[in-house]
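Reading through the structure tokens given below for one structure.
The values are calculated or read from the model by the stated rules, or taken from the named source; none is laboratory data. For clarity, every value in this text was computed on a predicted model and none was experimentally measured. Backbone-built Cβ (ideal geometry, glycine too); neighbour counts: all protein chains shown.
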Amino acid sequence: MPAKYLIQTKPEPHRFEPLTPSGIIAWEEGCLKCAVCVKKLCVYGVYDRRGLNPRQMIESIDNQCMNCMRCVQSCPRELIHKSRNPEYTAMGDAHWTPDIIARLWYQAETGKIPVSGAGYPGPFSGPGFDAMWTDMSEIVRPTRDGIHGREYISTAVDLGKAPAHLLFDEAGGVASEGPQVDAIPLPIILRLPPFGDGSEDTLEGWALAARRLGTFFSVPLGRVRASWGEFGPSLIPVLDPGVDDLQRVPKWFRIVEMGWDEGWRGRFERLQSLFPSALAAFRIPLVQDAQERAAELADAGVPIIHLEGGVDGRWRDTDARYLKDGIRAVHLRLVEMGIRNQMTLLVSGGIAMAEQVAKSIICGADAVFIDLPLLIALECRVCRRCTDGLPCPVEIGRAAPDWVASRVVNLVGAWHNQLLEVMGAMGIRDARRLRGEVGRAMFFEQLDRETFGSLGRMEEGFELE
Amino acid sequence: MVRTPSRFRNPIGKYRLHRTSACIACGLCVECCPYRVHVMRRERVEVARAYLCVGHDCKDPCHLKCPEGALSLKRSVDFDTLGDFRWTPDLLASTWHMAETGTVPPGGLEYRTGAAGGGFDKLRLRFRKEGGSTAGGGAKEERSAPWPSSSGARKGETGCPPRGSTWTEDGDGVDVGVELNRRGDHAHRIRIEVPFYGGGMSYGSVSITTMLSRVKAAALLGTFCCTGEGGYPDELKPYDDHVITQVATGLFGVREETIQRVRIVEFKYAQGAKPGLGGHLLGDKVTPGVARMREAVAGHPLFSPFPFHSVYSVEDHKKHVDWIKAINPKALVSVKVSTPTDVDMVAVGSYYAGAHIIHLDGSYGGTGAAPDIAKKNIAMPLEYAVPRVHRFLQEEGVRDQVTVIASGGIRTPHDLAKIIALGADGICTGTADLVALECIRCHNCESGRGCARGIATTDPELMHLIDFDWGTQRIVNLFTAWRRELVRILQRFGMRSLSELVGQTDCLAHLDYR
């Protein structure tokens with residue numbers, strides 16, 4: 001058994017006060033100056049530690065308040081209230097919701113799994129991955145003594161290609177090419193976010209995080225600095241044949257990625273001859289004919305296919321379909337062709353929460369890229385001001401590489417622990433065996449109609465309550 | 001029923017009434033308000049109980065009637081910071097209303113469904129319109145109704161307050177009780193007078209006062225309450241006949257003596273909030289008292305492993321059930337499981353192993369701390385699991401031999417009626433009890449000293465925020481209101497007993513498939 005893979009996390013404080021869902025409004029006017037003021041009774045000592053953060057003009061109490069409402073409910077003059085914070089509600093968009101962003105901040109800061117009491121507060125189901133539940137097993141499963149207990153759950157996956165079988169010559173020697181794979185200890189690869197105020201320091205921090213985690217950081221070759229030689233084995237350079245001179249690309253990369261276009265066959269051959277020891281990855285956009293393109297690539301022996309969805313977790317050419325459906329379609333096509341086990345399917349696009357890593361794999365991916373979460377780990381509020389050339393409110397570009405790496409390691413560490421939680425509950429001890437295991441999942445589309453489709457009809461003479 | 005207001009000076013309501021200095025204290029608002037929001041004190045009028053205001057549902061709005069225009073109606077900003085998709089601020093406030101008054105809110109609050117956008121919140125009870133035939137969707141025959149109309153029931157004119165600990169079929173002629181032993185074996189014959197009992201909350205996760213309030217309320221309501229897995233405190237002894245003791249994977253505080261003391265023993269294989277994950281009591285909450293009860297060391301976190309290390313097959317499970325029956329032959333055995341894809345097989349397996357009660361715990365409930373990823377993603381919603389189990393047990397021909405209890409996210413009497421119509425015999429409550437004790441679902445039960453409102457804490461100072469009698473009465477009131485509302489629902493279906501509703505899916509409609 002391999003050594004246990006553990007991600008070392010350590011608390012890494014924020015540079016800016018995080019936005020909170022609600023704030024305290026405390027009026028001074030009309031105060032009775034009670035001998036025992038409700039502010040002094042605060043269980044969390046919020047009012048004792050209040051202060052103004054002059055850089056952000058934020059009062060510290062909002063970030064310390066735990067919403068117990070006792071002061072609101074006890075002040076004899078009703079001078080204390082809580083109100084929703086419009087800045088918080090305005091963060092992100094329908095896919096990158098304020099709650100997702102705030103939870104990613106928490107994980108990047110603490111390295112811990114988000115835990116809360118009092119049951120599940122969210123919607124019944126939702127679009128995309130939210131229309132999926134993962135299974136659990138009542139009794140027959142790895143025993144659990146906490147997630148790092150006695151029984152090891154492996155999250156390692158292989159990237160690359162493996163032949164369906166070996167050929168032998170007459171002397172009994174192996175006559176065919178063996179597997180060409182590179183294993184990573186967890187099915188998560190870092191990837192340059194689609195936008196963001198990242199500086200060279202930021203990128204260096206992400207590369208450092210990839211190395212500490214033992215995974216890869218995928219970044220356009222043009223943004224790889226000569227001084228990053230030490231990170232070489234942890235990088236997946238994204239080559240652009242229109243810009244990059246392939247002859248001059250350093251030869252020590254283990255994986256190189258290229259975008260798909262009409263001339264991909266020629267470039268695949270060229271890549272193979274220029275980088276005989278590297279694995280070639282081709283990126284195809286998640287659109288209507290993605291299955292066909294993936295089939296063509298796999299048929300030609302491309303070891304790694306990267307299926308790229310939109311940043312909103314949907315297909316690139318339609319809002320009505322989600323990454324989940326795209327992965328299932330491409331995976332099934334490759335299974336039908338009988339070559340799914342011989343190549344690797346990586347996916348990207350809108351992966352925002354740890355559960356989506358497990359769900360992507362259940363749908364048929366080998367591993368996922370995460371991009372925007374790398375930025376959110378650095379306190380990004382997904383305001384997208386940077387895309388308009390406006391300054392970043394949390395000055396991401398000014399963060400030091402070590403801080404960046406530490407925040408990202410914390411985030412991925414928390415995700416890894418959550419992956420262990422769901423795998424353990426499913427009774428899966430090896431991430432490689434989770435791929436395509438839709439039997440370990442439940443789908444809204446199927447269950448909802450099956451359960452509710454045959455209830456009473458709304459007819460004349462009836463009313464609903 | 002005893003009116004039991006909030007223990008806080010300023011209860012949170014949906015509306016706020018603002019009175020300007022233009023008020024001439026004419027008292028018109030005091031007269032016109034049926035909800036006693038305004039009070040005349042020393043020739044001044046005050047907004048004394050704004051939380052009782054029904055806002056725009058008011059038939060005679062004071063702020064429009066005021067001759068001086070001194071009153072204005074606003075939505076409370078505090079109210080809008082509360083709640084979530086499942087427990088909307090409206091559901092929280094209506095539960096508080098029920099816990100205070102024993103009746104459903106007269107208006108202004110949506111007390112029947114939440115905003116989760118699926119499952120319970122898209123299911124509706126499907127009644128025949130009044131004035132037409134009186135038979136409900138699922139009822140087989142027409143009946144004339146010898147009871148008051150539903151509007152009467154809503155005002156609290158039907159239903160009776162609990163008398164002692166037996167509370168059956170008073171006046172309204174509708175039987176909402178549930179027989180728990182359907183195997184007809186030599187074990188206790190136990191009937192609960194309301195179709196719910198209290199779900200397990202351990203000593204340690206909640207305070208002893210919370211625990212006692214729940215158990216005493218259960219005794220008054222003629223039902224049961226489960227200890228959870230933290231042992232069986234001696235304070236519960238007077239209520240032994242209404243206690244279910246839990247045997248969970250950590251076996252904390254489980255002794256022969258505790259198993260022999262009760263009439264129902266519950267095996268907890270999994271719990272809905274963290275299916276497939278063990279329990280975890282943080283070190284902070286392991287006070288000397290908790291440690292003693294659990295036979296552990298104070299200050300150290302306690303893991304309740306998953307699964308039972310002694311059960312790896314259905315045969316092992318039978319051995320477990322037999323073990324309880326050997327120690328206490330008269331005990332009913334309940335088996336609490338979560339809702340995996342094969343929940344139907346699990347239920348049948350439990351039946352053949354000798355269980356009297358199959359308890360399905362869905363993923364929306366749970367009162368203790370759990371990883372968010374588990375609560376949201378692992379195992380199927382209760383609304384899918386119950387009909388699946390009901391059908392499977394029917395096909396197996398054993399449905400009438402076993403009691404199916406559902407739990408995990410049942411928030412209202414409407415949720416209760418819906419899950420019964422989907423195939424359960426009864427339910428367990430948990431979060432609703434805590435909301436009755438004025439939990440506001442801040443989700444911080446696990447951090448630091450525990451619940452700042454004194455409900456889920458073992459901190460000696462915070463624990464005293466709740467008075468035992470107050471807590472008991474709040475829970476009794478809440479469930480009195482639930483019972484009345486359930487009776488009203490059954491009457492509208494033309495049913496005389498809750499058992500008629502079990503599995504009657506044509507009493508329901510789903511907004512997406514009507």
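Points worth noting:
For every residue, the table says whether it meets (1) free of Cβ contacts under 8 Å to residues at least 24 places away in the same chain; (2) farther than 30 Å from A:W403 by Cβ.
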residue	(1), (2)
A:P13	no, no
A:I24	no, no
A:K33	yes, yes
A:G45	yes, no
A:Q56	no, no
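- Residues of segment A:150-166 satisfying the condition of being more than 25 Å from the chain's Cα centre (by Cα) and either surrounded by 10 or more Cβ atoms within 10 Å (Cβ to Cβ) or closer than 30 Å to B:H280 by Cα (or both): A:R150, A:E151, A:A162, A:P163, A:L166
- Number of positions in segment A:344-361 that are touching a Ser or Thr at 6+ places or on another chain (Cβ under 8 Å) and closer than 18 Å to A:F444 by Cα: 3
- Residue tally, condition of a type in the set (G, A, S) and assigned to a loop (DSSP other than H, G, I, E, B), over segment B:54-71: 2
- Residues that are outside any helix (DSSP H, G or I) and either of a type outside the set (D, E, K, R) or assigned by TED's automatic domain parsing to the domain that holds B:R112 (or both) within segment B:460-484 comprise B:H464, B:L465, B:I466, listed in sequence order.
- Qualifying residue in segment A:86-101 (condition: assigned to a strand (DSSP E or B) and either facing chain B (nearest Cβ under 7 Å) or not aromatic (F, W, Y) (or both)): no
- Residue that is nearest to the chain's Cα centre (by Cα), among those in segment A:372-390 that are surrounded by fewer than 24 Cβ atoms within 10 Å (Cβ to Cβ) and closer than 17 Å to A:H95 by Cα: A:V382
- Residues satisfying the stated conditions in segment B:460-514, i.e. among the small types (G, A, S) and more than 10 Å from chain A (Cβ to nearest Cβ): B:G471, B:A481, B:G494, B:S497, B:S499, B:G503
- Single match in B:E257, B:E266 (criterion: crowded, with 20+ Cβ neighbours inside 10 Å and either outside the structural domain of B:D459 (by TED's automatic domain parsing) or not hydrophobic (A, V, I, L, M, F, W, C) (or both)): B:E266
- Note on segment B:33-53: among residues that are assigned to a loop (DSSP other than H, G, I, E, B) and aliphatic (A, V, I, L, M), the one that is modelled with the highest pLDDT is B:V37.
- Qualifying residue in segment A:28-45 (condition: out of contact with any Cys (no Cβ under 6 Å at 6 or more places or on another chain) and at pLDDT below 85): yes
- Scanning segment B:383-416 for residues that are among the small types (G, A, S) and either within 22 Å of the chain's Cα centre (by Cα) or within 13 Å of chain A (Cβ to nearest Cβ) (or both) turns up B:A385, B:A406, B:S407, B:G408, B:G409.
- Residue among A:G453, A:G439, A:G389 that alone is at the interface with chain B (Cβ under 8 Å from one of its Cβ atoms), more than 19 Å from A:K4 (Cβ to Cβ) and without any contact (Cβ under 8 Å) to a residue 40 or more places away in the chain: A:G453
- Filtered residue count, segment B:189-205, keeping only those that are in a strand (DSSP E or B) and over 22 Å from B:D415 (Cβ atoms): 2
- Qualifying residue in segment A:398-420 (condition: part of a loop (DSSP other than H, G, I, E, B) and among the charged types (D, E, K, R)): no
- Qualifying residues in segment B:276-309 (those that are in contact with a helix residue (DSSP H, G or I) (Cβ under 6 Å, 6 or more places away or on another chain) and within 14 Å of chain A (Cβ to nearest Cβ)) - the one farthest from B:F252 (Cα to Cα): B:G276
- Candidates in segment B:425-459 are the residues that are among the aliphatic types (A, V, I, L, M) and outside any loop (DSSP other than H, G, I, E, B); of these, the one that is nearest to the other protein chains (Cβ to nearest Cβ) is B:L434.
- Restricting segment A:113-140 to residues that are aromatic (F, W, Y) and facing chain B (nearest Cβ under 7 Å), the residue that is surrounded by the fewest Cβ atoms within 10 Å (Cβ to Cβ): A:F124
- Among the candidates A:V438, A:V408, A:V357, A:V404, residue that is of a type outside the set (D, E, K, R), closer than 20 Å to A:M132 by Cα and crowded, with 20+ Cβ neighbours inside 10 Å: A:V357
- Within segment B:447-459, considering residues that are touching a residue at least 24 places away in the same chain (Cβ under 8 Å), over 21 Å from the mean Cα position of the chain (by Cα) and crowded, with 21+ Cβ neighbours inside 10 Å, the one nearest to A:R70 (Cα to Cα): B:G450
- Scanning segment B:348-382 for residues that are touching a Leu at 6+ places or on another chain (Cβ under 7 Å), more than 7 Å from every other protein chain (Cβ to nearest Cβ) and closer than 24 Å to B:D433 by Cβ yields B:H356, B:I357, B:L360, B:G362, B:L382.
- Only one of the numbered conditions (1) among the charged types (D, E, K, R); (2) surrounded by fewer than 19 Cβ atoms within 10 Å (Cβ to Cβ); (3) at the interface with chain B (Cβ under 7 Å from one of its Cβ atoms); (4) in contact (Cβ under 8 Å) with a residue 40 or more places away in the chain is violated by A:K82, and that is (2).
- Test: A:E59 is among the acidic types (D, E) and under 24 Å from B:L437 (Cα atoms): no
- Residue in segment A:335-350 that is within 22 Å of A:W105 (Cβ to Cβ) and either of a type outside the set (S, T, N, Q) or within 14 Å of chain B (Cβ to nearest Cβ) (or both) present: yes
- Some residue of segment B:59-72 being within 14 Å of another protein chain (Cβ to nearest Cβ), among the acidic types (D, E) and touching a residue at least 24 places away in the same chain (Cβ under 8 Å): no
- Residues in segment B:380-418 that are on the phi > 0 side of the Ramachandran plot and touching a helix residue (DSSP H, G or I) at 6+ places or on another chain (Cβ under 8 Å): B:G408, B:G409.
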